[in-house]
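Dumping the structure here so I can ask a few things about it.
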Amino acid sequence: MATGRNHRPATRSRGIPEATVARLPLYLRALTALSERSVPTVSSEELAAAAGVNSAKLRKDFSYLGSYGTRGVGYDVEYLVYQISRELGLTQDWPVVIVGIGNLGAALANYGGFASRGFRVAALIDADPTMAGKPVAGIPVQHTDELEKIISDNGVSIGVISTPAGAAQQVCERLIAAGVTSILNFAPTVLSVPDGVDVRKVDLSIELQILAFHEQRKAGEEAEAAAGRKGPDGDMPAVMPA
């Protein structure tokens with residue numbers, strides 16, 4: 001199996017928009033579920049509903065892949081799984097390192113979905129010397145002093161940062177200097193990276209704050225609706241007899 005260092009996904013060279021790239025994993029997840037149920041074909045409407053997008057957007061996205069489906073039949077599920085996996089670079093092995101093996105890093109290390117989606121956790125790295133050698137998810141933790149050697153020995157191009165915010169930028173710079181060109185950042189801070197390095201940020205607190213905003217808005221709308229159902233004196237309006 002090829003390693004990630006020598007092969008890059010073809011999405012940018014093929015001119016696929018970033019918004020479409022962001023939706024491809026949603027389609028792949030829905031298609032994988034269909035494949036596991038031995039469903040041979042799926043319509044654009046059914047797949048769009050499963051992925052949470054509208055069917056017109058789905059058909060436009062698939063046109064970038066050169067996949068148009070068959071009228072009256074739909075899309076071949078297995079071929080689409082292969083096609084999207086190929087575009088996302090998931091038909092090859094991507095070794096990944098996770099730096100920062102606290103509660104979050106350990107949870108990521110134990111996540112079983114990496115291997116099934118083409119990602120192999122090559123190493124777990126932490127700055128705490130007392131963690132060195134301790135197995136997490138069956139993988140012994142290594143000290144950050146070994147970071148550069150680990151990256152080189154395993155041909156790693158994707159790094160996951162789950163350190164405290166204060167350590168994240170320095171870890172990021174060391175990963176990049178060692179050859180990492182894609183970073184998934186779980187640290188609650190914005191990383192500064194040079195051109196040619198891709199960063200995806202996952203901030204759970206921000207997502208919760210957005211949900212809190214929506215909950216507050218819904219509560220306000222419900223309060224306004226309840227006030228509107230009351231009469232001018234604050235009582236519920238009387239029901240007029242028929």
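The values are calculated or read from the model by the stated rules, or taken from the named source; none is laboratory data. Bear in mind the structure is a predicted one, so any value in this text is a computation, not a measurement. Note: ideal-geometry Cβ built from the backbone for every residue, glycine included; neighbour counts use all protein chains shown. Areas reflect the complete protein model, heavy atoms only, side chains present, ligands, DNA and RNA absent. Shrake-Rupley method; radii C 1.70, N 1.55, O 1.52, S 1.80 Å.
Residue check: is Ser43 hydroxyl-bearing (Ser, Thr, Tyr), over 27 Å from Ser157 (Cβ atoms) and in contact (Cβ under 8 Å) with a residue 12 or more places away in the chain?
yes
Any idea which of Leu184, Leu208 is over 23 Å from Ser152 (Cα atoms) and open to solvent by 40 Å² or more (accessible area, probe 1.4 Å)?
Every option except Leu208 fails the conditions.
Can you find a residue that is assigned by TED's automatic domain parsing to the domain that holds Ser157 and over 17 Å from the mean Cα position of the chain (by Cα) anywhere in the stretch 28-42?
Taking every residue of the stretch 28-42 in turn, none turns out to be assigned by TED's automatic domain parsing to the domain that holds Ser157 and over 17 Å from the mean Cα position of the chain (by Cα).
Please pick out the residue among Ile125, Ile101 that is assigned to a loop (DSSP other than H, G, I, E, B) and of a type in the set (Val, Ile, Thr).
Answer to the selection: Ile101.
Something else: So, in the stretch 1-32, how many residues would count as being part of a helix (DSSP H, G or I), under 19 Å from Ile183 (Cα atoms) and either polar (S, T, N, Q) or at pLDDT below 90 (or both)?
Selection size over the stretch 1-32: 3.
Another one. Considering the stretch 80-120 alone, what residues qualify as being open to solvent by less than 50 Å² (accessible area, probe 1.4 Å), over 14 Å from Arg29 (Cα atoms) and among the hydrophobic types (A, V, I, L, M, F, W, C)?
Of everything in the stretch 80-120, those that are open to solvent by less than 50 Å² (accessible area, probe 1.4 Å), over 14 Å from Arg29 (Cα atoms) and among the hydrophobic types (A, V, I, L, M, F, W, C) turn out to be Trp94, Val96, Val97, Ile98, Val99, Ile101, Ala106, Leu108, Ala109.
Could I ask something else about it? With respect to Leu31, is the statement that it is open to solvent by less than 10 Å² (accessible area, probe 1.4 Å), within 15 Å of Arg86 (Cα to Cα) and either in contact (Cβ under 8 Å) with a residue 40 or more places away in the chain or not acidic (Asp, Glu) (or both) true?
yes
State the number of residues belonging to the stretch 52-98 that are part of a helix (DSSP H, G or I) and not hydroxyl-bearing (Ser, Thr, Tyr).
15
Just to be sure, is Asp153 open to solvent by 30 Å² or more (accessible area, probe 1.4 Å) and free of Cβ contacts under 8 Å to residues at least 12 places away in the same chain? Talk me through it step by step, then tell me what you get.
Numbers: open to solvent by 30 Å² or more (accessible area, probe 1.4 Å): yes; free of Cβ contacts under 8 Å to residues at least 12 places away in the same chain: yes.
Spelling it out, Asp153 is indeed open to solvent by 30 Å² or more (accessible area, probe 1.4 Å) and free of Cβ contacts under 8 Å to residues at least 12 places away in the same chain.
Being over 14 Å from Val21 (Cα atoms), touching a residue at least 24 places away in the same chain (Cβ under 8 Å) and surrounded by fewer than 17 Cβ atoms within 10 Å (Cβ to Cβ) is the filter here, so list the residues in the stretch 47-60 that pass it.
Result: Gly52, single match.
I've got another one for you. I'm trying to understand the selection: among the residues of the stretch 99-112, which are in contact (Cβ under 8 Å) with a residue 40 or more places away in the chain and within 15 Å of the chain's Cα centre (by Cα)? Reasoning before the result, please.
First, the residues of the stretch 99-112 that are in contact (Cβ under 8 Å) with a residue 40 or more places away in the chain: 99-102, 104-105, 108.
Leu108, the sole residue that qualifies.
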